[in-house]
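K.L.:
First the structure, which I've put down as structure tokens, then a few questions once you've had a look.
The values are calculated or read from the model by the stated rules, or taken from the named source; none is laboratory data. Treat the numbers as computed from the prediction; the structure is a model and nothing was measured. A quick note on method: Cβ atoms are made from the backbone with ideal geometry, for glycine too, and the neighbour counts reach across all protein chains shown.
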Amino acid sequence: MMDTDVFLTIENQTEGFYSDKGSKFYSFAYPVSSEDEIKTIQQSLRKKYHSSRHQVYAFMLGPDKEHYRANDDGEPANSSGMPVLGQIKSFNLTDILIVVVRYFGGTKLGIPGLINAYKNAAKDALDKAKIIEKFITKEAELIFDYDEIAFVMKTLSDADAKINNQTFLENCKLVFSIRLSEFDNLIGNLSKNHKIEILLKDG
């Protein structure tokens, strides 16, 4: 269980590099939010660097950091994917994918050499990344009459809530999200207006 609604990830894609005994290790770090997104990135890298010997990767998803994977892509077991994942953990990041593309230089590095190379390639990409804070958010839906628009909008704005969807027809419907730790306080403020129907989302 998490005791905070804050987590760290990277703002944009970054690239790193490491070389040893002729082998070249190109690292790519991406902010991601789903496995589908990860697969799309991997397919693109496979095409672009189709002549590479290995494309090792590791990812971490979700604020609780319980969804992760490391893959050696043909390198000796635990020599490559785990060192990459280790750097993600070392930087305390999530919602991130790191792929390290290796071009073999003709000389085997051995297990310790591989661990060092993949670790340092991943670290180089992360050293160049801008690490940012993100927040776990929670959603709710509001249903209200036109007369309440000013109150609703001011209350949401004062709380720095994000409006995700809004429909103004016979009545007004609006879905908002807000940082988890601020959710109950905002609901309390909205509840002071008894003309507003508040529908809480699951989760």
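K.L.:
Can you name the residue in segment 167-176 that is modelled with pLDDT of 95 or more and over 12 Å from ILE196 (Cα atoms) and is also surrounded by the fewest Cβ atoms within 10 Å (Cβ to Cβ) among such residues?
P.N.:
Only one residue tops the list, namely VAL175.
K.L.:
I need a count of the residues in segment 106-138 that are at pLDDT below 95 and more than 19 Å from ASP95 (Cα to Cα).
P.N.:
5
K.L.:
Could you name every one of the strands (runs of 3 or more DSSP E) located completely within segment 1-72 that has at least 3 residues being crowded, with 16+ Cβ neighbours inside 10 Å, in contact (Cβ under 8 Å) with a residue 12 or more places away in the chain and on the phi < 0 side of the Ramachandran plot?
P.N.:
Details: elements: 6-10, 14-20, 23-31, 54-61, 67-71.
Output list reads 6-10, 14-20, 23-31, 54-61.
K.L.:
For segment 89-102, give me each residue that is in contact with a Ser or Thr (Cβ under 8 Å, 6 or more places away or on another chain) and outside any loop (DSSP other than H, G, I, E, B).
P.N.:
Taking segment 89-102 first, the residues in contact with a Ser or Thr (Cβ under 8 Å, 6 or more places away or on another chain) are 93-96, 98-102.
Within segment 89-102, ILE96, ILE98, VAL99, VAL100, VAL101, ARG102 qualify.
K.L.:
Here is a further query. Please identify the pairs in which a residue from segment 174-194 that is closer than 14 Å to ILE163 by Cα and in contact (Cβ under 8 Å) with a residue 60 or more places away in the chain has its Cβ atom under 8 Å from the Cβ atom of a residue that is surrounded by 14 or more Cβ atoms within 10 Å (Cβ to Cβ) and among the acidic types (Asp, Glu), counting only partners at least 6 apart or on another chain.
P.N.:
Hits for this filter: ARG179/ASP5.
K.L.:
Hey, among the residues in segment 191-203 that are part of a loop (DSSP other than H, G, I, E, B) and within 14 Å of ILE149 (Cα to Cα), which one's nearest to the chain's Cα centre (by Cα)? Break it down stepwise before answering.
P.N.:
Start the filter on segment 191-203 by keeping residues that are part of a loop (DSSP other than H, G, I, E, B), which leaves 192-196, 201-203.
Cutting the leftovers down to within 14 Å of ILE149 (Cα to Cα) gives us 193-196.
Details: ASN193: 36, HIS194: 38, LYS195: 38, ILE196: 34 Å.
Looking at residues that are part of a loop (DSSP other than H, G, I, E, B) and within 14 Å of ILE149 (Cα to Cα), I get ILE196.
K.L.:
Out of all the residues in segment 137-182, which are charged (D, E, K, R) and farther than 30 Å from PHE7 by Cα? Step through it out loud before you land on a result.
P.N.:
Of all residues in segment 137-182, those charged (D, E, K, R) come to 138-139, 141, 145, 147-148, 154, 158, 160, 162, 170, 173, 179, 182.
Hits for segment 137-182 are ASP145, ASP147, GLU148, GLU170, LYS173.
K.L.:
Considering each of GLY188, GLY86 in turn, give the residue that is assigned to a helix (DSSP H, G or I) and surrounded by 15 or more Cβ atoms within 10 Å (Cβ to Cβ). Before the answer, list the steps.
P.N.:
Values: GLY188 fails: surrounded by 15 or more Cβ atoms within 10 Å (Cβ to Cβ).
Residue meeting the stated conditions: GLY86.
K.L.:
Is there a residue being acidic (Asp, Glu), in contact with a Pro (Cβ under 9 Å, 6 or more places away or on another chain), under 30 Å from SER52 (Cα atoms) and assigned by TED's automatic domain parsing to the domain that holds SER23 anywhere in segment 94-113?
P.N.:
yes
K.L.:
Counting only residues that are among the acidic types (Asp, Glu) and modelled with pLDDT of 95 or more, which one in segment 27-72 is farthest from the chain's Cα centre (by Cα)?
P.N.:
So in segment 27-72, the residues among the acidic types (Asp, Glu) come out as 35-37, 64, 66, 72.
From what is left, the residues that are modelled with pLDDT of 95 or more are 35-37, 72.
On the way: GLU35: 11, ASP36: 13, GLU37: 11, ASP72: 21 Å.
Step by step, filter segment 27-72, then rank; the result is ASP72.
K.L.:
So, in segment 115-140, how many residues would count as being part of a helix (DSSP H, G or I) and either at positive phi or of a type outside the set (A, V, I, L, M) (or both)?
P.N.:
Step one: filter segment 115-140 for residues part of a helix (DSSP H, G or I), giving 115-127.
Next, from what is left, pick out any that are either at positive phi or of a type outside the set (A, V, I, L, M) (or both): 116, 118-120, 123-124, 127.
The total comes to 7.
K.L.:
Scan segment 150-185 residue by residue and report those that are of a type in the set (S, T, N, Q) and outside any strand (DSSP E or B). Talk me through it step by step, then tell me what you get.
P.N.:
Initial filter on segment 150-185 (of a type in the set (S, T, N, Q)): 155, 157, 164-167, 171, 177, 181, 185.
Correct list: THR155, SER157, ASN171, SER181, ASN185.
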